[in-house]
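The values are calculated or read from the model by the stated rules, or taken from the named source; none is laboratory data. Because the structure is predicted, anything quoted here is derived from the model rather than measured. Heads up, the Cβs are rebuilt from the backbone with ideal geometry, glycines too, and the neighbour counts pull from every protein chain shown.
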Amino acid sequence: MRILLTGGAGFIGSHLVRRLLAEGNQVAIIDDLSTGKRENIIDLEGNENFTFYEGSILNYKLMLKLVTECDCVYHLAAAVGVKYIVEHPLDSLITNVRGTEIVFELAHIFKKKVFLASSSEVYGKNGTRPFKENDDRILGSVTIPRWGYAFSKGFDEFLAISYARERSLPVVVGRLFNICGPRQTPHYGMVIPRMIEQAVKQEPITVYGDGSQVRSFTYVGDAVDAMIRLMNTPGAEGEIFNIGSPEPVSINNLAKKIKELTGSSSDIVFIPYTQAYNNDFEDMVYRVPDISKIKDLLQFTPNINLEEMLKAIINAYRSN
Ligand code: UDP
């Protein structure tokens, strides 16, 4: 298969491209290197089945060429990280709205199947129990940039589902829940690489708010596995799936675990959200997926638990 992967130099994309190449595909990636990094894919550049296009998904002419030349598209290009989104709300919106429109418009014209990488952000702050795909979404005020990201990812999903229903385009949507693993940078705010870096450098480990907020973290290898299997399963077409781990952890306990596993003498310190981001910020108190839908279809459950993934990321960080 000839596969087009948007956002292929990003953290998740750089894992997905390796898996797709290992399965014998030809993969072209497009990445504007805004949050992706050349180092993530530099070792692939001699591979005859791999091509890297440095460019934006907003470049219609380039996208026209790339979509024409592929058999299917994995669309991952998007702004990443709460910190980045809060600091660049307009860029994030334009990429998610106009960029994704271009992807679907071209995929429809040339009849190419699309996997849309969406985000658990779309659930917003409706956080009282594990989220099911059809749950209501509750987003806050438009003055809070984070909700713009959630809104635009929701728009992407509406677009995907509408192309599927009204234009018979084969699409699959995956909502990713706090994916982590080696090569994830701490620069855009993600908690695990940040805390591991702080712990290894014996710097204070920063917990935002009171640390009672709950997340579930998913190893990138498991997420990539789910994405490929969904894309290869006709029964997944036109559907939305949570991709994540159902193992909840509070951010407080995550900080303690990272301190313990790194053997660090760092203090765990509490930083108010207003200091970490700004006044226009809201966090989600609880964000954990119900994964029965993907489990029923693919018998998918994550292979790597939180402790195993933290150890793997700590080892990778230390060996760099
Ligand atoms: N967080 C934290 N310390 C940090 C970075 C993040 O306590 O140095 C918190 C953040 O406020 C959120 C959780 O960790 O409650 C997960 O943050 P992340 O940005 O990784 O992803 P989110 O789930 O918010 O999209």
Next on the checklist: Out of R165, R146, R98, R183, I need the residue that is over 20 Å from V224 (Cβ atoms) and modelled with pLDDT under 95. Which one?
Outcome noted: R146
Item to check | Residues satisfying the stated conditions in segment 108-132, i.e. within 16 Å of the ligand (Cβ to nearest atom) and part of a strand (DSSP E or B) | outcome: A117, S118, S119, G124, F131
Checklist entry - If you go through segment 247-271, how many residues are more than 11 Å from the ligand (Cβ to nearest atom), more than 26 Å from D222 (Cβ to Cβ) and of a type outside the set (S, T, Y)? => result 2
Item to check | Complete set of residues in segment 166-216 that are among the charged types (D, E, K, R), within 11 Å of the ligand (Cβ to nearest atom) and not in a loop (DSSP other than H, G, I, E, B) | outcome: R194, E197, R215
Item to check | Lone unmet requirement of (1) at positive phi; (2) under 20 Å from the mean Cα position of the chain (by Cα); (3) more than 15 Å from the ligand (Cβ to nearest atom) for G81 | outcome: (3)
Checklist entry - Given R175, R194, which one is within 18 Å of I85 (Cα to Cα), crowded, with 22+ Cβ neighbours inside 10 Å and among the charged types (D, E, K, R)? => result R175
Item to check | Selection count where residues are more than 27 Å from V285 (Cβ to Cβ) and touching a Cys at 6+ places or on another chain (Cβ under 9 Å), scope segment 203-232 | outcome: 1
